[in-house]
1. Give the distance, in whole Å, between the Cα centre of region A:184-249 and the Cα centre of region B:175-226.
2. For the pair A:Ser183/A:Ile157, report the inter-label distance in nm, with labels modelled 7 Å from Cα in the Cβ direction.
3. May I ask you to derive the FRET efficiency for A:Asn264 and B:Val226 from their Cβ-Cβ distance with R0 = 41 Å, giving the value to the nearest 0.05?
4. What relative contact order, as a whole-number percentage, does region A:167-247 give when Cα pairs under 8 Å and 6 or more residues apart are counted?
5. Taking R0 as 25 Å, what FRET efficiency do you get between A:His384 and B:Ile237 from their Cβ-Cβ distance, rounded to the nearest 0.05?
6. Under 29 Å Cα to Cα from A:Lys332, which lysines show up? Leave out anything in the same chain fewer than 8 places away.
7. Stretched out fully, how many nm does the piece from B:Tyr287 to B:Thr36 gain, at 0.36 nm a residue minus the Cα gap?
8. Compute the acute angle (0 to 90°) between the alpha-carbon long axis of helix B:101-117 and the principal axis of greatest extent of the alpha-carbon atoms of chain B; round to the nearest 10°.
Amino acid sequence: MERYDRQLRLWGSHGQKWINKANICIVASQCALFQEILKNLTLTGVSKFTWLHTGEIDHDPLFYKDLAKGLTNLNTTVVDIRAQNIDYSDSAFDWKEYTTMVVVNANNKQWLENILKRTDAEMPPIICTYTKGLFGYSYTKLFVPHFVLESHPEHKIPDLGFQAPWPELSSFMSSFDISLLSSLQLSQLPYAVLLYKMLQYVKDQGVEAPSNRDIKAALNDYYLGEVNSDGFNDLNYLQAQQHSHLSTRKQTFDDLEDAISCNNKLLQSNSRRHSLMDDTFSCLLCSLGIYLDENDRNLPIDPNIPDMESDSTIYHKLKLIYQNKWQEDLRKFENIVAANFPALYRDTNLDIKGAIRLFFLHSREIKCINPNEIRLFENDGVSHPIFRQLINSQFEMGRSFESELIERAFKLTSYPTESYMGGLVAQETIKLITHQFEPIDNAFIYDGLTNNAVTLKV
Amino acid sequence: MECNVLILGAGGLGCEILKNLVMLNVSHIHIIDMDTIELTNLNRQFLFNDNDIGKPKSLVASEYIEREFNVPVQHFVGDLTHLDEEFYKQFDFIISGLDSIQPRRFINEMIIRIAKATSFQKCITLIDGGMEGLKGHIKTIIPGITACWECSLSTLPNKDASQDMVPMCTIVNNPRNLQHVIEYVINVMVPVDKLNLDDSRDTKLLFDECMKRAQNFSIDTTELTVSYMLGIIKRIIPSVSTMNAMVAAGCCNELVKIYHDLIVIDEKTGSLKSNNFTVINGSSGCYSYSFQFERLPDCTVCSDL
């Protein structure tokens, strides 16, 4: 077992590689929130930071009196923190080399406004954060669309590919002559076979494919009525009932289509970020667009079909058919990438074969988060009372409290609030670095008084 | 803050909770844990380093704080269910960062019993944190005022009834994936309680058996590694420093609110008006929802309080 085992189970070793390579810029004073963000990022494996010190002396109690010493041993490499005083007038500062930027408790409103309003596509995403009392917020500013490559949905709907069956699937299905099988043999068939046969039966009857509402009844009529009247308690039949909607389900993938067209626009205008990761995924997304054009807009088949109650040998054969089809689709995709973006294969820093494989495997999970206009400082930009209050407090723009309770909660000093937001901001940074899990779009308000948290789009 | 707090568990949540309490200047801090430090703890248990592997967690954590802050932390190495009422009575708050259900039920029953026996002279607040990957929960339990831990027991997933449960006949006769293979090896071939899963020879033995059986049934073994196998056997839960910090911080802010009288209790009914249950999910954006979990009128633990 290795040190990062528990988090590799979340984002895999490929995710960890991007974390180890990340270069993060943090604008902050030596304050508790800054220390918490730095500590959490270091623990996950980030080791390269630039700290633009804003110079204020904070009176917060600090956990690390000697920051560099405190962070030693928190990960496996030497943590490199390049500290320098921020120069608010330096317009030539090179932001683009950073993977992500974090701005902590900034109080120079003019500078922050200017930087958030920049229009150059090379700007890294910026996460701004501020805490006070039992409250805190984070706000993520994107300058170009952010592509999530593995969104890790909690539930995936399997795709049996019945909408566009390929020859190997069809011949596997017709290898079973249902009328010759005994009840026992029937009970050993995976539910995909029962559903496929049912669709065929309906078609042979000259009826159109049943709607979602009628499909259970259709399965009932076919299987219990025509094939196996004793099968109503068999596990495979029960599973077929449960999953009957999969047989006629037309998979939609609007998120992916959005991402592809958005990426194509960026490629044409060349207004995008240039980094090994951004460039690679941009090329792969573009190739996927070509793949869909060439394949009647059918997504690559999902090789990971769900487990189905059945005989091992039959299930194994079925699974192999999906896996082989996926391999075939993958080869087509690889050829498209090689023909259109040969330069990718020349970069020795990149395991291109592995990257293509992962990208193709997770293509159903791709999402695109679009950049947002910055309205944070406008009077009507933020209407959430706690959020408004936090911004007013951050830039000393006066305050009025809704209740005495909120006022007391606001004036309290509570280290756990810094700790909470330190965890949240580090987590959002990791999502941006790895392009895994959906980041907050775009503001998050922590209200420790009621324990409610709100996500808003500003 | 003048109060006496006990932290249950010196793991991921425990380390964070301890740090937060020190930063809040809590006057008396105690911490209990029965485990020793392992390599895989180090991605989030930031009070430990490589040289501490094998040492008791609560000892190393308290030494860290005493060394850096010159603040005494009372530590206990051992099973918290072996301690009695006399011990627990001294605390004002108990914050738990445990990873299993039984000790939580034990401590919940303990604080209810103490409140009963002392006619509310001693009413200990229990704040319970839990996490799993990018998800977490925080529960606040004030005996007689809020729902107790037992009141919400039925909200936990029942492992035996879960959809993932595979029939034994599948595992024995029709294995179709690696999970089925591993379940067979540890339940039928090599009973896992006779093995030491931290010994590489034992895990190698298990691994070889799994590999053989998978190949016999033509099951794809690309994903089969020792780490994958142990994940299933030990039912390893993913964890990361970020969500860990959020859950622990949420627990500690509960203590801050109660201490500073920032929670609202209905004066007529004596019941809590503030939320006592919070769930957090940070995998898609970040959602956190809080609500009031009502007391269960026929709760086996707290209904006569």
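The values are calculated or read from the model by the stated rules, or taken from the named source; none is laboratory data. This is a predicted model, so every value here is computed, not measured. When we count neighbours, we look across all protein chains shown, and the Cβ atoms used for this are built from the backbone with ideal geometry, even at glycine. Surface areas here come from the heavy atoms of the whole protein model, side chains and all, with no ligands, DNA or RNA. Shrake-Rupley method; radii C 1.70, N 1.55, O 1.52, S 1.80 Å.
1. One Cα centre to the other: 35 Å.
2. For A:Ser183 paired with A:Ile157, the spin-label model returns 3.5 nm.
3. Working: r = 43 Å, r/R0 = 1.06.
Efficiency, rounded to the nearest 0.05: 0.40.
4. Averaging sequence separation for qualifying contacts and normalising by length gives 38 percent for region A:167-247.
5. On the way: r = 34 Å, r/R0 = 1.36.
The value I calculate is 0.15.
6. Result set, ordered by chain and number: A:Lys17, A:Lys156, A:Lys250, A:Lys265, A:Lys317, A:Lys319, A:Lys353, A:Lys367.
7. Numbers: separation 251, 0.36 × 251 = 90.36 nm, distance 3.35 nm.
Here the answer is 87.0 nm.
8. Approximately 20 degrees, to the nearest 10.
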